[in-house]
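The values are calculated or read from the model by the stated rules, or taken from the named source; none is laboratory data. Values in this document were obtained by computation on a predicted structure and should not be read as measured data. Cβ atoms come from the backbone with ideal geometry, glycine included; neighbour counts cover every protein chain shown. These area figures cover heavy atoms from the full protein model, side chains too; ligands, DNA and RNA do not enter into them. Shrake-Rupley method; radii C 1.70, N 1.55, O 1.52, S 1.80 Å.
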Amino acid sequence: MSRALILIGPPGAGKGTQAKRLMDRLRIPQISTGDMLRAARAAGTPLGLQARKFMDSGALVPDEIVIGLIDERLREPDCSSGFMLDGFPRTLPQAQALDALLGKLGRKLDAVVLIEVDEEPLVARLSGRRTSKVDGRIYHVVTDPPPPGVEVFQREDDREEVIRERLAVYRRQTEPVIGHYDEQGLVRRIDGSGSVDEVTARIDRAL
Ligand code: AP5
């Protein structure tokens, strides 16, 4: 199975949900720039404080910040046998910076998994999302409610008006990244509708 992967798709497509499953099976780390930025915010670092205003309005954090995070992260020892990028790259300059970084590290991408879902179900998915405070597992208040006793939180950017802005930003800034990887023949298109298990099975088949 492939070892250097990108997961791409609109907000709420199920990237985080599927990444956690793939990580267990492939034994490669999930590298989520969203999670890294939220951790920096929670720790109150200067980078986290800088990222906050972009994230809360649904805008992207400036390229140089996230490229710096990924440059550092991919050099860590646990990435030597592979990695799964979740939420990066999401602009063309980020994709070009990643190409250059992988070239420097002597690595090559195996596949770009594009999870496709229509826009309307995404709003319902995101407004009902809850995340475990303990292990980051992702739940949904209706379709996959957290068990009693599990402490969860709701993300600041999962409010409807911010969700709509994130979807618009995806169309404008991230969709061109798909063309970049299509040119390299790397994109595997996955229907992200249906149950979580069905989507996992489709990804398994595509890889
Ligand atoms: P980030 O954290 O990356 O958020 P995102 O891309 O908007 O994606 P999400 O995490 O919202 O959705 P997901 O696809 O992972 O869905 P999930 O599995 O949780 O980024 C947040 C912000 O950080 C950005 O807006 C930006 O400001 C900044 N940022 C991050 N990376 C950046 C970068 N590279 N450059 C610049 N800025 C960056 O699922 C969602 C819900 O749906 C859950 O409740 C889940 O239970 C449910 N669900 C999942 N699958 C299914 C299914 N098959 N059927 C029904 N429900 C399902």
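Among the residues of region 1-49, those that are open to solvent by 10 Å² or more (accessible area, probe 1.4 Å), part of a loop (DSSP other than H, G, I, E, B) and either over 18 Å from residue 114 (Cβ atoms) or away from the ligand (no atom under 13 Å from the Cβ) (or both) comprise 1, 2, 3, 27, 29, 44, 45. When the criteria are applied in full, residue 64 meets the requirement of being of a type in the set (Asp, Glu), within 11 Å of the ligand (Cβ to nearest atom), in a helix (DSSP H, G or I) and farther than 20 Å from residue 205 by Cα.
When 90, 52, 73 are checked against the criterion of being touching a residue at least 60 places away in the same chain (Cβ under 8 Å) and open to solvent by 30 Å² or more (accessible area, probe 1.4 Å), a single residue qualifies: 90.
Is region 145-164 home to any residue that is under 28 Å from residue 3 (Cα atoms) and of a type in the set (D, E, K, R)? No, because not a single residue in region 145-164 is under 28 Å from residue 3 (Cα atoms) and of a type in the set (D, E, K, R).
Scanning region 130-148 for residues that are within 21 Å of residue 24 (Cα to Cα), near the ligand (Cβ under 7 Å from one of its atoms) and open to solvent by 70 Å² or more (accessible area, probe 1.4 Å) yields a count of 0. Within region 23-35, residues that are among the polar types (S, T, N, Q) have Cβ atoms under 6 Å from residues that are not in a helix (DSSP H, G or I) in these pairs: 30/84; 30/86; 32/86; 32/87; 33/87; 33/88, counting only partners at least 6 apart in sequence or on another chain.
I need the full set of residues from region 67-88 which are within 24 Å of residue 17 (Cβ to Cβ), more than 9 Å from the ligand (Cβ to nearest atom) and assigned to a helix (DSSP H, G or I), in order please. If the condition is that a residue be within 24 Å of residue 17 (Cβ to Cβ), more than 9 Å from the ligand (Cβ to nearest atom) and assigned to a helix (DSSP H, G or I), then 73, 74, 78, 79 are the ones that fit.
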